[in-house]
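Okay, so here's the structure we're looking at.
The values are calculated or read from the model by the stated rules, or taken from the named source; none is laboratory data. Being a predicted model, the structure only gives us computed values, none of them experimental. Backbone-built Cβ (ideal geometry, glycine too); neighbour counts: all protein chains shown.
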Amino acid sequence: MSAPVVTAFSASPLDRGGDSRNDPDWMAARTADPAALSLAMIEGRPRLEAVDGQDRLAWAPLSRLLPLSNVEPVFLGFWKEAPVFASSVPEARAAELETLMGPGDQPDMRAAAARLPMGDLAMAGAAKGLFDWHGRNRFCPGCGQETQVASGGWRRTCATCAVEHYPRVDPVCIMLPVFSGGSEPICLLGRQAAWPAGRMSALAGFMEPGESLEEACAREVKEEAGLTVTRVRYLASQPWPFPHQLMLGLIAEVTDDRAQPDLTELEAVAWLTRAEARAVLDGRHPDIVAPFPFAIAHTLLRAWADGEA
């Protein structure tokens, strides 16, 4: 059995605290712990610093970041036996981080993904996803009253109707259509009009209620490219904090190579041989720019191009 594929934003080094974080007294003790650390998120951007030439997340004692936070910090878990949190710092106070945390910068999350090691990126992604969820769920969808943060930021409760709300993860199928009925295997990439020039990627779409993963894959491929899926193979998944999705990476075998972009979601499609796919991934293709290296679309394309999927 082959080793599982590890994608960016996964491989977290944290012990999340499990059920312990549901105990308010336990959570209060972790927050008051002098050893508690916090990373800083500025409007969804993580604060970074350079350590021995490598960009890393910048950490500070939680007690020092609390005065800058505009919402309650979220408990990420235990890292190196210390409780660690994430604090949301408003843009207006971001300049104060230089004094508090030392030299550093705060790139957007996509730029940070290209700079951070896997474990740091997983922690930053979890923090971004949690803060995005809190920002969108301040009010109870049942009764409309404002909800309160609980369980270290992993739950919101409504005092009016007693309903509990938990962070939502939206499942998305992302697939690489492949056709093996010609002279050599080929795969399909698509392009959205809003992307930078030359950028192409795998096809993707949100799953709908009452739909299996395989059915969602077949529907999206049919809708976007006019192709019929005959078989679906799962490769890997990826937590994707834009804002809080789970990308489910698939290889989708199709019946023919007569693809037609729907011109609503895709403006163009392109078939690639394995050699052409490797050229795209290596930056040698004259027309097509590969998906970002930290995206699961890149993982799908690389696995297929190398004959591993």
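Under 7 Å between Cβ atoms, which residue pairs at least 6 apart in sequence (or on different chains) link something in segment 136-148 that is over 26 Å from G44 (Cβ atoms) with a partner that is surrounded by 13 or more Cβ atoms within 10 Å (Cβ to Cβ) and among the aromatic types (F, W, Y)? Taking only residues 6 or more apart or on different chains, the pairs are Q145/F139. Looking across segment 236-280 at every residue that is among the β-branched types (V, I, T) and part of a loop (DSSP other than H, G, I, E, B), the one that is farthest from R45 (Cα to Cα) is identified as T255. All of (1) at pLDDT below 95; (2) in a strand (DSSP E or B) hold for P4 with one exception: (2). Taking the criterion of being surrounded by 17 or more Cβ atoms within 10 Å (Cβ to Cβ), within 27 Å of L116 (Cβ to Cβ) and of a type in the set (F, W, Y), would at least one residue in segment 288-300 satisfy it? Looking through segment 288-300, at least one residue is surrounded by 17 or more Cβ atoms within 10 Å (Cβ to Cβ), within 27 Å of L116 (Cβ to Cβ) and of a type in the set (F, W, Y).
Set side by side, the residues A259, A218 differ, and just one is over 20 Å from V6 (Cα atoms) and out of contact with any helix residue (DSSP H, G or I) (no Cβ under 8 Å at 6 or more places or on another chain), which is A218. Restricting segment 149-178 to residues that are in contact (Cβ under 8 Å) with a residue 24 or more places away in the chain and charged (D, E, K, R) leaves a set whose member that is nearest to D257 (Cα to Cα) is D170.
Among the residues examined, V149 does not qualify as farther than 30 Å from R16 by Cα and either surrounded by 17 or more Cβ atoms within 10 Å (Cβ to Cβ) or outside the structural domain of L266 (by TED's automatic domain parsing) (or both). Taking the stated definitions as given, is E208 out of contact with any Leu (no Cβ under 7 Å at 6 or more places or on another chain), more than 27 Å from K128 (Cα to Cα) and surrounded by fewer than 22 Cβ atoms within 10 Å (Cβ to Cβ)? Here the answer is no, as E208 does not meet what is asked.
Residue count for segment 197-235 satisfying the condition of being assigned to a strand (DSSP E or B) and of a type outside the set (A, V, I, L, M, F, W, C): 7.
Any residue in segment 96-109 that is of a type outside the set (F, W, Y) and in a strand (DSSP E or B)? Taking every residue of segment 96-109 in turn, at least one turns out to be of a type outside the set (F, W, Y) and in a strand (DSSP E or B). Yes or no: A32 at pLDDT 95 or above, in contact with a helix residue (DSSP H, G or I) (Cβ under 9 Å, 6 or more places away or on another chain) and more than 14 Å from F78 (Cβ to Cβ)? Considered against the rule, which asks whether it is at pLDDT 95 or above, in contact with a helix residue (DSSP H, G or I) (Cβ under 9 Å, 6 or more places away or on another chain) and more than 14 Å from F78 (Cβ to Cβ), A32 comes out as yes. When A275, A290 are screened for being under 20 Å from S180 (Cα atoms) and not polar (S, T, N, Q), only A275 passes.
For segment 283-298, filtered to residues that are assigned to a helix (DSSP H, G or I) and of a type in the set (A, V, I, L, M), the residue that is nearest to the chain's Cα centre (by Cα) is I296. The set of residues in segment 1-41 that are crowded, with 19+ Cβ neighbours inside 10 Å, in contact (Cβ under 8 Å) with a residue 60 or more places away in the chain and within 23 Å of G104 (Cα to Cα) comprises A8, F9, S12, L39, A40, M41.
Taking the options A259, A270, A275, name whichever one is aliphatic (A, V, I, L, M), over 24 Å from A114 (Cβ atoms) and free of Cβ contacts under 8 Å to residues at least 40 places away in the same chain.
One residue alone meets the criteria, A275.
Criterion first (more than 19 Å from P73 (Cα to Cα) and touching a His at 6+ places or on another chain (Cβ under 7 Å)) does D132 satisfy it? No, not satisfied.
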